[in-house]
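Just so it is clear, none of the values below were taken in a lab; they were calculated from the coordinates. Treat the numbers as computed from the prediction; the structure is a model and nothing was measured. With ideal geometry, Cβ positions are generated from the backbone for all residues, glycine too; neighbour counts draw on all protein chains shown.
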Amino acid sequence: MTNTVTWARVKSPWVLHFNSGACNGCDIEIVALLTPKYDVERFGIKLEPSPRHADVLLVTGCVTQQCAERLKRVYDQMPQPKFVVAIGACACSGGVFEGNYNVVGGVDKILPVNAYIPGCAPRPEAIIDGVVKLLNALNPPKPKKQPKREKQPQFPKEEAKPIVAQPEVLVNL
Amino acid sequence: MPKSEIDIISVIESKLKDKVQIQLGHLGTAAIKTSNGLHRDVLKAILEVDEKTGITAITGLDLGANIGLLYHTHTAKGFFGICTEVPKGNPKIQTIIDIIPGAALHELEVADLLGVVFEGNPSPRHFLLSEYWPQGVYPLRKDVKANEVKLNPASAEENKPPATGRLVKLIIGPQHPALLEPEKFSVTVDGEIVTKVEPRLGYVHRGIEKAAESRTYVQDIYLVERVCGICNPCHAYGFVGAVEKILKTDVPPRAKYLRVIALELNRLHSHLLTLGHAGLEIGYETLFQYFWRDREPIMDLIELTSGNRVYGSLMTIGGVRRDLKESDAPKIKTVLADLRKKVPFYKKLYQDERSIRARMQDVGVLSREDAIKLCVVGPVARASGYDIDVRKDFPYEVYGEIPFKEIGYTTGDTWARMNVRMDEIEESINIIEYALDHLPTGPIRVQTSRYVPEGEAVCCVEAPRGELFYYVKGNGTVSPERVKIRTPTFANIPSFLQTAIGENIADIPPNFVSLDPCFSCTDR
Amino acid sequence: MIDFVLILRILIFPGFTFILLLTLFCDWVERKLEARLQNRVGPMVAGPGGILQPLADFIKLLTKEDIEPRDAKKTVFKFAPLIAFTIMVFAMCFLPIDGASVLSTTGFNGDLIVILAFSTIASFLLFLSGWASGNPYGTISSARVLTQFLGYDIPLFLLALTPAFIAGSLSMFVIAQSQTIPYILLAPWAFVLFMIAMQAELEKDPFDVPDAESELVGGLETEYTGAKLAFLHLTRDVQIVFGAALVVELFLGGPYGPVFFGLPAFWYSLWFVLKVLAIVIVTEYITTLFARLRIDQVLSANWRIILPAAILSLMLTVAIVTWVYPLV
């Protein structure tokens, strides 16, 4: 029974997108996921309008002071089980705006984050990769059976020499 | 018209002889220095000569003991800066919203960030800053450090109870599927008709202008680019252009052409984005998918020229960072030829499709007089018959040499604005192909000094959404003294507040998207 | 004596399970068709070709946490979706699916009116569920739902009377059976108008107003989570299948078609499913190809165009059937 439930949750993650003070780059890349070139509906991902319908909260943006409380409220409105994905360098840690007077910096100061997708702006392929990795972590695929192999002969390990750049030194002693 | 032949400067000189100091060639066409209170007379004099006068921006400067105020005014013939000062101890100045109503939001911003009191334009609560911000602390003043400000706890002031009686207060945002960005609009509705719209901006305010003062000029290019993810080359070019004017560098011609190609590619992808987004707002998902499918090859081109889909950072002080290879030009031309073939299909769709016309025609009508009074810019202005385009009025880079048409419609409704953008797509394709054909050889960059001397300069760019304005003041160090950004959406929002009244709730999304709002630009 | 055949018919085939599976299958067909028309692929990962996607959505929603807003009216909020779903499935049970209805009877005279009434009650319960959520978006959206479906019910009823008049009876079974020539050929104007009115009843584009995401966030579903949301979605989907089945029964000859070999019941159900799929595909085409109209445009289209056209169509059908067809 739990297997079916986990299967259903992994095959149908509904997504809510919240912009907590971003420059729009990451948001456009998220909306571009729905378009024919990337088509994220293959994974069953639907962009939902209401927090009550969604499972995964995609947060972009360095969290500004005003958005911090609203972000927490939107997260509280979502029903369990829920996940948070921080998309973009700003959501991971504040990005370029770290230290500004109106910026909290990083979603993990407000919410528990399950996946970080860095980049400025992360390519849609990177976002899909992050989401698929999150889904696989929830429902790990069974490892394929490896065919039995003969034992390979062991070569003695060479000591790894550190690589040091030796510039041409012209010295007049 | 004989009136526009009269030189504005000679008119001001004759009317207000001793009270002003005029510096030609500074801050645009001329900088007019006057004392507190006389800025209204100068503005009235300019308005009498040219009816197409509008306020581009109001910059506030922290000059130690005084606060300097620069009123950047654009007219059909020139760009002027009217400078006054107010003492910090008593920062009061008379408002100009009775002369030019479009200056209201600019004054609110200066009041919020610098603490200037505009008599006649009260600001009851914070405009851009959050409700937790303590009163009396003005972030753009030099003595306020970013990490030393103590915030107030949450107050109940923002959560007003909904309107009672027949009127229902509908709150759109901050989390809303129609808006990609968080902004709050409190819409008071009577049944289905809108009676009032009150915006609350500042959700995306990241304090970029203050942060720019503590980074070097080259670091600032990357910071200022990230004001907006859609029109980022325009922001980069605005900043770089202003700094180059202070340094008085000569940018090589090949770099100018490459900059024009980057700016026009950006315009292409932004217009396709808006046209698709408008489809989403009127419930036409198929149109949204088609437009964004056609936007992807343009993103590939942007990646080809600058190295990244979104933040290419192609512009730098003194030129561009990357060169265009010989083998890239045919690739660009093939993609543009494909897009050119698709444009007639979309145009026919907009002309013939009944459901689009039913939703978009006669929605959000803005008349030409209102457009001039509210100082709107960009396709919104050009759709109302107010023909301003920075590329034609004050040509920058090589736009003076490239022939292209300026698009204009007269009806001023949502449908006209979308058509303006559709026609501009074709013109942009023409500009890029001309630039590729006439690309000169030579260096792409000149070395500039890290230390920018004392001086100030302005730079206007025609971003996809309208006129983008940059003011940079250098003080001889590696960091700028003040960077002021005035984005096109900031100028267009008052028009939305006016055109939404009297329409249905269902008309708000298409009306809103036709402005092409970019709140990260507005709040900075 | 417990009639096992009857219980099997009600629960499995052609009753509850069959209707549920048909609904989920039609949902998958709709999503794939919409994706294909938009140059995309649609669900691919859940099951082969994504066919288990609606089932995964349903199971996932059943296992989510149930949240009840403080301002909601508790009883209506809790039970409206479930009752609406039950009524829709109950209405489907009157349709002859495999040659006879679920109760293996030939229906009774007047069950056309009864099932149309049930569909109206289900829509009314949807309206109530939005009204009871205590959310301004829900209130405005449910007001739109009420105005729209009450308005379009009138032409729908009038147009449903056309096949009844041609067949001479108000019983679904008789109407379906007496279609030696399907009524789509005898009264094509009524078919076209019925499809348009059905599109408005089902709240699909271009009459998608109550579900307008860009203005009203989630519409009347905004505050619903978990199992209640699952049943709201299912009610919507069963309404679509019900509408398609009604069109099939009234205009396309019901489940009756050529029988090649073996059990006629098998062939009748196959023809029924194929015809329902055809109508679902046509409605999904119309949904994808149009933008969404405003509420006042939808209502003016109803009172100014569809209703007069429905009255004219009924008069035309009466005239033609009484005077023209007996000559043919």
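Quick notes on this one:
- Long-range amide H partners of B:Lys196 with built H, under 5 Å: B:Thr188
- For chain B, share of DSSP beta bridges that run antiparallel, in % to the nearest 5: 90
- Three-way shape label, region C:238-279, alpha-carbon gyration tensor, a/c 1.5: prolate
- Net charge contributed by nearby residues that have their C-beta within less than 11 Å of C:Leu95 (K/R +1, D/E -1): -3
- Efficiency of FRET between A:Asn136 and A:Asp108 - r from beta-carbon atoms, R0 30 angstrom, step 0.05: 0.90
- Averaging over all projection directions, the Cα-based convex hull of region C:29-183 occupies 13.0 nm² in the image plane.
- Neighbour-count order for B:Tyr409, B:Tyr217, fewest beta carbons within 10 angstrom listed first: B:Tyr409, B:Tyr217
- Candidates per chymotrypsin sites (Phe, Trp or Tyr not before Pro) in region C:240-322, loop by DSSP, up to 10 other Cβ within 10 Å: C:Phe260, C:Phe261
- Ranked packing of C:4-11, B:191-198, most packed first, by mean Cβ within 10 Å: B:191-198, C:4-11
- Phi to ³J(HN,Hα) by Karplus 6.51 cos²θ - 1.76 cosθ + 1.60 over region C:78-93, Hz, x for Gly, Pro: 6, 9, 4, x, 5, 5, 4, 4, 4, 5, 4, 5, 4, 5, 5, 5
- Each of B:Ser479 and B:Asp437 was given a label point 7 Å from its Cα along the Cα-to-Cβ line. The distance between the two points is 4.9 nm.
- Cα-only radius of gyration and Dmax that characterise region B:370-434, units Å: 12.2, 37
- Shown here are the Rg and Dmax of the Cα trace of region B:205-358, at 18.1, 55 Å.
- Here the simple spin-label model places points 7 Å from the Cα toward Cβ, and for C:Glu65 and C:Leu312 these points are separated by 5.7 nm.
- Three-way shape label, region B:409-451, alpha-carbon gyration tensor, a/c 1.5: oblate
- Of the DSSP H helices in chain B, those whose Cα atoms cover at least 20 Å axially and whose Kyte score averages -1.0 or more: B:232-247, B:253-281, B:285-306, B:328-352, B:414-437
- Three principal axis extents of chain B based on alpha-carbon atoms, in descending order, are 68, 62, 54 Å.
- Applied to region C:142-157, the Karplus parametrisation 6.51 cos²θ - 1.76 cosθ + 1.60 on θ = phi - 60° returns per-residue 3J(HN,Hα) values of 5, 4, 5, 4, 4, 4, 5, 6, 5, x, 7, 5, 5, x, 4, 4 Hz, with x for Gly and Pro.
- Peptide C:292-305, shielding by other chains (average Cβ, 10 Å cutoff): 3
- Residues B:Gln23 and B:Asp323, FRET efficiency given R0 of 35 Å [Cβ-Cβ distance, rounded to 0.05]: 0.35
- Equivalent ellipsoid dimensions for the protein assembly as shown as semi-axes, Å, which come from the Cα gyration tensor, largest first: 57, 34, 28
- The label point for B:Ile99 and the one for B:Asp41, both projected 7 Å from the Cα toward the Cβ, are 1.1 nm apart.
- Given B:Lys169/B:Lys373; B:Lys92/B:Lys245; B:Lys52/B:Lys405; B:Lys347/B:Lys392; B:Lys17/B:Lys77, the pairs whose alpha carbons are separated by over 23 Å: B:Lys169/B:Lys373; B:Lys92/B:Lys245; B:Lys347/B:Lys392
- Loop-located GluC sites (Glu not before Pro) in region A:1-103 (DSSP state not H, G, I, E or B) with no more than 13 neighbouring Cβ atoms inside 10 Å do not occur.
- Cross-link pairs exceeding 26 Å between alpha carbons, from the set B:Lys44/B:Lys210; C:Lys204/C:Lys228; A:Lys46/B:Lys341: B:Lys44/B:Lys210; A:Lys46/B:Lys341.
- Both radii are taken from the alpha-carbon atoms of chain C; with Rh as the Kirkwood radius, Rg/Rh is 0.97.
- Mean shadow area of region C:124-248, taken as a quarter of the surface of its Cα convex hull (nm²): 8.1
- The aspartates and glutamates whose alpha-carbon is closer than 12 Å to the alpha-carbon of B:Lys331, local same-chain residues fewer than 8 away aside, are B:Asp300, B:Glu433.
- Using the rule -39500 (n - 2.57) for each DSSP H run of four or more residues, divided by the residues of chain B, the 222 nm mean residue ellipticity is -12500 deg cm²/dmol.
- Kirkwood radius for region B:307-427, taken over all pairs of different Cα atoms as the inverse mean of 1/r, rounds to 17.1 Å.
- Counting DSSP beta bridges with both ends in the protein assembly as shown, the antiparallel % (nearest 5): 70
- Region B:3-148 shape via C-alpha gyration tensor axes, a/c threshold 1.5: prolate
- Note on region C:12-70: the C-alpha convex hull projects to 6.1 nm² when averaged across all orientations.
- Per-residue 3J(HN,Hα) values for region B:118-130, derived from phi via the Karplus relation 6.51 cos²θ - 1.76 cosθ + 1.60 with θ = phi - 60°, read 9, 6, x, 9, x, 10, x, 9, 4, 9, 9, 7, 7 Hz in sequence order (x marks Gly and Pro).
- Diffusion constant of region A:20-138 at 20 °C, which comes from Stokes-Einstein with the Kirkwood Cα-pair radius and 1.002 mPa s, µm²/s: 149
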